[in-house]
Amino acid sequence: MSNWRATAALGRALLVAASGLALAVLFGEPVLAVMTAPFAVLAGLGLQYRPRQEPVVRSTPEHRVLHEGQGTTSRLELRDVGDVEHVTRVSARAPYVALRPAHGVVGSLLDMRAGVAETQLSPRRWGRRLLGEEKVAFTTAWAGYRWGPVIVPGDTIEVLPVTAPFDSRAELPQPVGLVGAHRSSRVGDGTEFSGIRPFHAGDRLRRVNWRVSLRTDALHVVESRAEQDAGVLVVVDALADYGRSGGIDGAASSLDVSVRAAAAIAEHHSRSGDRVGLRVVGTAGRVVGYGAGPRHLRVIMGHLARVRAGTPHDLSSEPLSFRVTAGTVVMVLSPMLSEAMTTSAATLMRRGVPVMVIDTLPDEAGPVAREGVHRGVADLAWRMRRIERDLLLDQLAGTGCPVVRWRGPGTLDEVLRRLARRAQLPRVAAR
């Protein structure tokens, strides 16, 4: 911690006052003493307010959890500042954090009631943001002594992804049901009528529909829906990040689009009362179980804010295990440049699980420049990779898995309507 030191202004005032007095006595010229008298007065006032306490300073943001684009105030927590008159604060720039004033330099008189050298800040991208370190200096009355500048480490805030404008008027592949807006399509014991089918061994006799049985000369039973809400599993591909992120005001990378779209989808279905789960495929491998309500949505948002791009060491080309329950709709948000994600989506589709792939690769995404690699070679490799990706998407669509680009409101409406109609069609079981 720094100590109080005399300022250069106090040193100059003492030097000029002492020199004027010495010259006046030496040459017998009282006018010299009169001319330097103001400096003597300033030096005396500076010495009179000599500090006797060591201040304690800490920087604290007013809010520690924000959404992208929101703003907050960074305040100074001060103790033992009875001798301080003026505060100077210099904040360093941090990635994806906007400051006001933009240069980060603030100075003000010490007034604990009106606020002391406050800085406005606004995070421009989701994630855990480390604010830039600051330098703080104090000055006593009449600028006699100065404390600092000392380095105050930056605090950490959690920035939640902004919920992109999204709303869907299409229902999930199930009709309107129980607590949530959509009910699971899984057949089970319930009160909602699902259909009439031939009798199988193990069916309860109270389920027999005698009218249809007498008319067809074969036993038929009434089938009902399970008392369970629809489930939505949001899968975020965080194996890599393609494109450059300019924050909320600039261009969006593939991971930006995936995280913000996942936040919008989770918020939409949570407010509808549906059960929402999250699976992040990446180094952290975050998993959030199914749940509903604002508290569960807050948990999902917190996990999305901590997503980091990276490939786990144990990743293989084998299908990933998502542990999908019956009656669940799987939404895969991915740039679809990973074989593991493509294989997993196709495997779930073959199992009869409603799956939709949301393409989050930006149009302006390009190859990552690496040292020692010629630009032309990198561009050629990237074009070849895009061609392979288009072929994989065509093959995935051929299996019946819809692939749609994320474009905000109405992105999933048509796909959900098709899945809902498909769920009502009879299925042919392979034996």
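Coordinate-derived values only; no laboratory data. Every value quoted in this text rests on a predicted model; they were computed, and no experiment measured them. Every residue, glycine among them, receives a Cβ derived from its backbone with ideal geometry; neighbour counts consider all protein chains shown.
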log10 I(q)/I(0), Debye, Cα-only the range 1-93, no solvent, q = 0.15, 0.16, 0.23 Å⁻¹?
-> -0.76, -0.80, -1.14
Take the Cα atoms of the range 4-48, build their convex hull, and give its volume per residue in Å³.
-> 54
Counting only DSSP loop positions in the range 81-144, the trypsin sites (Lys or Arg not before Pro) whose Cβ has at most 12 other Cβ atoms within 10 Å are Arg93, Arg113
Trypsin sites (Lys or Arg not before Pro) restricted to the range 199-262 and DSSP loop, no more than 10 other C-beta within 10 Å = Arg204
Cα centroids of the range 91-146 and the range 262-287: how far apart, whole angstrom?
-> 36
Cβ density ranking, 10 Å radius, fewest first, applied to Asp83, Asp359 yields Asp359, Asp83
Two-site FRET efficiency, Val105 against Arg308, from Cβ-Cβ distance with R₀ of 25 Å, rounded to 0.05 | 0.15
In the range 1-86, the chymotrypsin sites (Phe, Trp or Tyr not before Pro) that sit in a DSSP loop and have at most 16 other Cβ atoms within 10 Å of their own Cβ are Tyr49
Environment charge at Ala98 (Cβ cut-off 10 Å; Lys +1, Arg +1, Asp -1, Glu -1) = +2
Ranked output for segments 286-292, 275-281 by mean other Cβ atoms within 10 Å, highest leading, reads 275-281, 286-292
Relative contact order for the range 1-75: what is it in percent, counting Cα pairs under 8 Å that are at least 6 residues apart?
-> 25
In sequence order, calculated HN-Hα J values of the range 55-60 (Karplus, 6.51, -1.76, 1.60; Hz; x Gly/Pro) = x, 10, 10, 8, 9, 9
Specify whether the C-alpha gyration tensor of the range 56-160 places it in the rounded, prolate or oblate class, a ≥ b ≥ c being the square roots of the eigenvalues: rounded for a/c under 1.5, otherwise prolate if a/b is larger than b/c and oblate if not.
-> prolate
Distance between modelled label sites at Arg128 and Arg207, nm, 7 Å Cα→Cβ extension = 4.9
